[in-house]
Each structure stands twice: as structure tokens, then as C-alpha cells.
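The values are calculated or read from the model by the stated rules, or taken from the named source; none is laboratory data. Computed from a predicted structure; not experimentally measured. Backbone-built Cβ (ideal geometry, glycine too); neighbour counts: all protein chains shown. Heavy atoms of the whole protein, side chains included, go into the accessibility calculation; ligands, DNA and RNA do not. Shrake-Rupley method; radii C 1.70, N 1.55, O 1.52, S 1.80 Å.
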Amino acid sequence: MTVPSASNPDDIYQNEKSSHVGLPALDVSVAFPQATPASVFPPSSSDYYQFDDLLTPEEKAVRLKVRECMEKEIAPIMAEYWEKAEFPFHIIPKLGSLCIAGGTIKGYGCPGLSLTGSAIAIAEVARVDASCSTFILVHSSLGMLTIALCGSEEQKQKYLPSLAQVKTVACWGLTEPDYGSDASSLKTTATKVKGGWILEGQKRWIGNSTFADVLVIFARNTSTNQINGFIVRKNAPGLTSKKILNKIGLRMVQNGDILLKKVFVPDEDRLPGVNSFQDTSKVLAVSRVMVAWQPIGISMGVYDMCHRYLKERKQFGAPLAAFQINQEKLVRMLGNVQAMTLMGWRLCKLYESGKMTAGQASLAKGWISLKARETVALGRELLGGNGILADFLVAKAFCDLEPIYTYEGTYDINSLVTGREVTGFASFKPSASSQRSRL
């Protein structure tokens, strides 16, 4: 064809439509009939060491219920919404019906699951879609749990029942543009006034924030210089949240920049159990366990997808599963899943028995995320060209794992938390020295 000239490059081809230009894409099942896309999710095949035997009947029931819902309701639509970077709001009632929001919280309409049961639920969600697991984790293990652990009885009764049913949605605002890993240095302020507090500042990367009904916000008390927690309600004057664009991972999650300009919070919505940054640790202890189970679930899904794909896809007259090098990669993925799962399970048991330390939680989150990275990279190799298509899950999982590798403590920060615990030396900041190195 002749390339037309145009003053606006975007308009070059507008009038050059033909029988082979500008047509909609073929459905992937038509374009590539040799393998089944992830919209028809593969059966679970990653439990090689029969981890299921370690679960109680209640935990097994939660796993199966979540798995069925995710495979039936979410798998068929996830690639479409991931590509559009939009959240499928119509599935929120379905997620609410799973009765996993609130996790370990007892009472107030919450399910009161074991930590293991709650972790298994997160993994089963992440197995199909990591964005949905992040939505639930932020809502439940951060927003709801902060109110449950740090809120007054009145606050629990007021907010938790509707949050447990996911009739309202929560987010959790700690990270700021200038303070990520160094979150304890946050500079959003809370100034006491008659009848309440005035919040001023900015938060960044806050999941669910563009549509949350309840925003848990951390700010520095200008009188005590300590970190306090507040419940900010949707549509509060001076509160705005803008969606962060151009993400390559967790694209369905609506991360936002929260702006707080003289936002008034009544005294009744100050969280009485947050009086220093240290008070956030009891929430982060649970959420870090939950985040450790996200890459486990992602790796399970990637393995399941590759296991089916290698049997269906043929080259050189044989299924890809028949080639030695592919079997080695698949088995390496399988070994990673077993190790990650058993480490996550042991972490849950340590927490449930009151023995878990911050270093143990950080080691699990960091190491599991690292091994998951290796696992999804192997899956990406095994699927060849289809390994870059969201339709076959692995490419999407590959991208979704990157923000999970970073949030709730980067691999490096989590390593330093564990390192401090095992050596007795904190090494988060450069060593102060009055003398310049002679080198």
C-alpha cells in the first residue's frame, strides 16, 4: 500500500481501511488451536508432596470453594481486564460471597479463619489472578485487620460488618512519594483541632484507593511526633485519589496517589491503638505472611498452565512434554512450588503458636518471592511465543510478580530484617563515619 501523508501521524491510516487492515484480532482459541488458553483454567497439578494432607477439613473446604469460584468466574475475564488496566467491579459480590474477607478476625461478621486457612485462600485467588488477591489482601489483611487490632469497639462494630461482606471496600495508606522502605519517616501530618484532626500530606501506591469507602491513613502527630492512625471516609472534603497509570504489573489493581488537603477527621475515627510506628507491626506481621502466599499461588497457577501446555503443544512431531530439557524446567518449577508451599505452611504454624518472629516472616516473604521469580521465568521460557501473551497466564503472572517482589518490603529490606535478627546488627542505613576512607 502507499503510505499517505498526514499532518497528524495518528490519522495516517484512518482512510486506508481494506479487507486486511484494521480488523479485530482473532480469538486466541482460533488463532492457536493447539493449546488451551487460561480462560479455561487448567486443573490443579502442583501438589506433588500432598500438602493438602496437612490441612484441616475446614481449610480444605475453603481452598476448594475459592478455587471453584476463581476458575469459573474470574479466569474467563482476567486477561481482558488486565489488558485494559481496569478492575472488574461486577465480581466484588462474588468475592464477598466466598466469606474470606476479614480472614482471621473473629466476630463482627468476619469468618474467623485460621491463619493457614486465610493464607490458602489468598494463594488460591492468586493462582488464577494476582490482582484479585491483592485487592482482597489490601482490603482484608491491611484495612480490616488494622481496625480489628487497633480500633475501638465502636469502630469495629461500625465498619467491620459491611467490610466483611465486601459491601464496602477498604484501603491502607502508609507509603508516601518520599518514603517507601523508610516508611517510619513519613511526613503526612495530623494536627489536633477541636473535635478532631486535620490531615495534610500525600500517599502513593495505595491499592483500592480510587474507589475505597474506608481509607486507613497513617500520619505524624504534630504534637508528639509519633505516628497515629485514622479512618478517613470516602468523599471527605479535601480528599482526592488519582489513579497511577502505565503499570506493567497488577494492572487490574487500582493504585492511587492520595492527596490530603486539610482533611478533617473526627475524634471518633482516630484509631486508639496506633500511637507509634511500632503499632503497625502487629498488622504487618499478618499481612507479610499473606503476601508470602501470593507468589506461592502465582507459581502454582504457572506450573498448572505449563503442565497442560507442554502436553498439548507439539513440535517436531511430539508433545513438548516429551523433550528432556522441558521436563527438567518443569520439574525445577515443581520443586520450587513444594519448597515455597512448605515454608509458607511452617510460617503459618509458627504464627498460630505465637512463635513467629519478624525475621522469620521477612525471610519467607523475600525468599518465596525470589523463588517465584525463577519459577515464572522458567514458565515464560517453556511457553515460547505464547509466553508473552496474557491469554496463556504466564506473561501476566510474570509481570504481576514484580510488584509483589517489591511491596511489603523489597527482597533486600526483608533480607536486612532477617539479617538484623540473626546477627544482632542493624544495617539499614550507611555507617556513620567522621573520617573519609583512605581508599
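Scanning segment 129-157 for residues that are small (Gly, Ala, Ser) and not in a helix (DSSP H, G or I), we see that the one that is farthest from VAL289 (Cα to Cα) is SER152. Return a yes/no flag: does segment 135-144 have any residue that is open to solvent by 10 Å² or more (accessible area, probe 1.4 Å), β-branched (Val, Ile, Thr), in contact (Cβ under 8 Å) with a residue 40 or more places away in the chain and farther than 19 Å from LYS247 by Cβ. Among the residues of segment 135-144, not one is open to solvent by 10 Å² or more (accessible area, probe 1.4 Å), β-branched (Val, Ile, Thr), in contact (Cβ under 8 Å) with a residue 40 or more places away in the chain and farther than 19 Å from LYS247 by Cβ, which makes the answer no. Of note, VAL337 satisfies the criterion of being at pLDDT 95 or above, open to solvent by less than 40 Å² (accessible area, probe 1.4 Å), within 18 Å of ARG373 (Cα to Cα) and of a type in the set (A, V, I, L, M, F, W, C).
From the list VAL286, VAL263, exactly one residue is more than 22 Å from the chain's Cα centre (by Cα), closer than 26 Å to SER152 by Cβ and in contact (Cβ under 8 Å) with a residue 24 or more places away in the chain. Which is it? Matching residue, one of VAL286, VAL263: VAL263. Scanning segment 197-216 for residues that are on the phi < 0 side of the Ramachandran plot and over 22 Å from the mean Cα position of the chain (by Cα) yields TRP197, ILE198, LEU199, GLU200.
Taken as a whole, the condition of being open to solvent by 40 Å² or more (accessible area, probe 1.4 Å), more than 21 Å from MET290 (Cβ to Cβ) and more than 17 Å from the chain's Cα centre (by Cα) applies to GLU80.
Sort through VAL169, VAL216, VAL253 and tell me the only one that's in contact with a Ser or Thr (Cβ under 6 Å, 6 or more places away or on another chain), in contact (Cβ under 8 Å) with a residue 40 or more places away in the chain, buried (at least 17 other Cβ atoms within 10 Å of the Cβ) and more than 27 Å from VAL417 (Cα to Cα).
On the way: VAL169 fails: in contact with a Ser or Thr (Cβ under 6 Å, 6 or more places away or on another chain); VAL216 fails: more than 27 Å from VAL417 (Cα to Cα).
On inspection, the qualifying residue turns out to be VAL253.
At pLDDT below 95 and buried (at least 16 other Cβ atoms within 10 Å of the Cβ), is that true of ALA164?
Numbers: at pLDDT below 95: no; buried (at least 16 other Cβ atoms within 10 Å of the Cβ): yes.
Taking the combined requirement at face value, the residue does not satisfy it.
Could you run through segment 233-260 and say how many residues are under 24 Å from the mean Cα position of the chain (by Cα) and at positive phi?
At the first step, the residues of segment 233-260 found to be under 24 Å from the mean Cα position of the chain (by Cα) are 233-234, 240-259.
Retained after the next criterion (residues that are at positive phi): 246, 250.
The total comes to 2.
What are the residues in segment 179-227 that are of a type in the set (Phe, Trp, Tyr) and closer than 29 Å to ILE136 by Cβ, if any? Please lay out each step first, then the result.
First, pick out the residues of segment 179-227 that are of a type in the set (Phe, Trp, Tyr): 179, 197, 205, 211, 218.
Answer for segment 179-227, where residues must be of a type in the set (Phe, Trp, Tyr) and closer than 29 Å to ILE136 by Cβ: TYR179, TRP205, PHE211, PHE218.
Would it be correct to say that VAL302 is over 19 Å from the mean Cα position of the chain (by Cα) and surrounded by 24 or more Cβ atoms within 10 Å (Cβ to Cβ)? Walk me through how you get there before you give the answer.
Working: over 19 Å from the mean Cα position of the chain (by Cα): no; surrounded by 24 or more Cβ atoms within 10 Å (Cβ to Cβ): yes.
Spelling it out, it is not the case that VAL302 is over 19 Å from the mean Cα position of the chain (by Cα) and surrounded by 24 or more Cβ atoms within 10 Å (Cβ to Cβ).
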